[in-house]
Amino acid sequence: MSNLGNKAIMAKNIRYYMNKFNVSQTEICNTLGIKMPTFSDWVNEKTYPRIDKIELMANYFGISKADLVEEQNSSSNQKPNRINVYGSVPAGIPIEAVEDIVDWEDIPMEWLKGDQRYIGLRVKGDSMFPKYIEDDTIIVKLQPDCESGQDAVVYVNGYDATLKKVVKNEDGIMLQPLNPEYVPKQYDYNDERYPISILGIVVEIRRKV
């Protein structure tokens, strides 16, 4: 395999065109005669395909080799109901400026009525196991508050967004992990040392098997 090129960009572009044309890894491998483990390594950013394989895939999708090799402008490629999936969402950075895009997901058009906004976020860690598993994609409806008992993506003291069950009580907000091996944490509503802000609520879990 060639070491030339960016494996992450290649993987992202392959996933994009697989989603766009609604084709599976099995379909592509069977049609092009590519071994499944080899193709999986490309999609998972482990290896980079040879130029002849890039040309093979480009012809299959009806695109140019550059469409697979080069960083694409996501805003021009995306359908109105296609949202970015982020690996992380740092505090203090507008969503539009976050560059850690790892995938795309399509959502129903009706969700977008009323100027509602959504993002996808890749789950990390096991604090919300067994409901959420690492590498799940959660669809998050962006809103600054939530009801008590909802699963939400929350900023704590300016760090990256974290997924927790939010429990509101008279003393403040408790962030409740679902995994019993983790301890819930309580925060005052107006705690200046550890300010809490909500990015949005989870509306759907998407898990790839």
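The values are calculated or read from the model by the stated rules, or taken from the named source; none is laboratory data. Keep in mind it's a predicted model, so treat the numbers as computed, not measured. Using ideal geometry, Cβ is built from the backbone for each residue, glycine included, and neighbour counts are taken over all protein chains shown.
Here are some notes:
- Of all residues in region 176-206, those that are of a type in the set (S, T, N, Q), touching a residue at least 24 places away in the same chain (Cβ under 8 Å) and farther than 21 Å from Gln143 by Cα total 1.
- Filter pass, Asp151 being exposed (fewer than 13 other Cβ atoms within 10 Å of the Cβ), in the same structural domain as Ile93 (by TED's automatic domain parsing) and not polar (S, T, N, Q): no
- Failed item, numbered, when Gly158 is tested on (1) assigned to a loop (DSSP other than H, G, I, E, B); (2) free of Cβ contacts under 8 Å to residues at least 40 places away in the same chain; (3) closer than 24 Å to Val98 by Cβ; (4) not charged (D, E, K, R): (2)
- When residues of region 160-194 are limited to those that are buried (at least 18 other Cβ atoms within 10 Å of the Cβ) and hydrophobic (A, V, I, L, M, F, W, C), the one modelled with the lowest pLDDT: Ala161
- Looking across region 167-194, the residues that are of a type in the set (Val, Ile, Thr) and part of a strand (DSSP E or B) come down to Val167, Ile173.
- Extreme residue, nearest to Asp52 (Cα to Cα), among residues of region 1-28 that are modelled with pLDDT of 85 or more and of a type in the set (D, E, K, R): Lys7
- Filtered residue count, region 108-119, keeping only those that are within 17 Å of the chain's Cα centre (by Cα), closer than 17 Å to Gly200 by Cα and without any contact (Cβ under 8 Å) to a residue 40 or more places away in the chain: 1
- Exactly one residue among Glu99, Glu105 is part of a loop (DSSP other than H, G, I, E, B), more than 18 Å from Tyr189 (Cα to Cα) and either touching a helix residue (DSSP H, G or I) at 6+ places or on another chain (Cβ under 9 Å) or not aromatic (Phe, Trp, Tyr) (or both), and that residue is Glu99.
- Yes/no for Ser197 being touching a strand residue (DSSP E or B) at 6+ places or on another chain (Cβ under 6 Å), assigned to a loop (DSSP other than H, G, I, E, B), more than 30 Å from Tyr16 (Cα to Cα) and modelled with pLDDT of 90 or more: no
- Residue in region 63-84 that is assigned to a loop (DSSP other than H, G, I, E, B) and touching an Asp or Glu at 6+ places or on another chain (Cβ under 8 Å) present: yes
- Unmet criterion (only one of (1) part of a loop (DSSP other than H, G, I, E, B); (2) on the phi < 0 side of the Ramachandran plot) for Gly125: (2)
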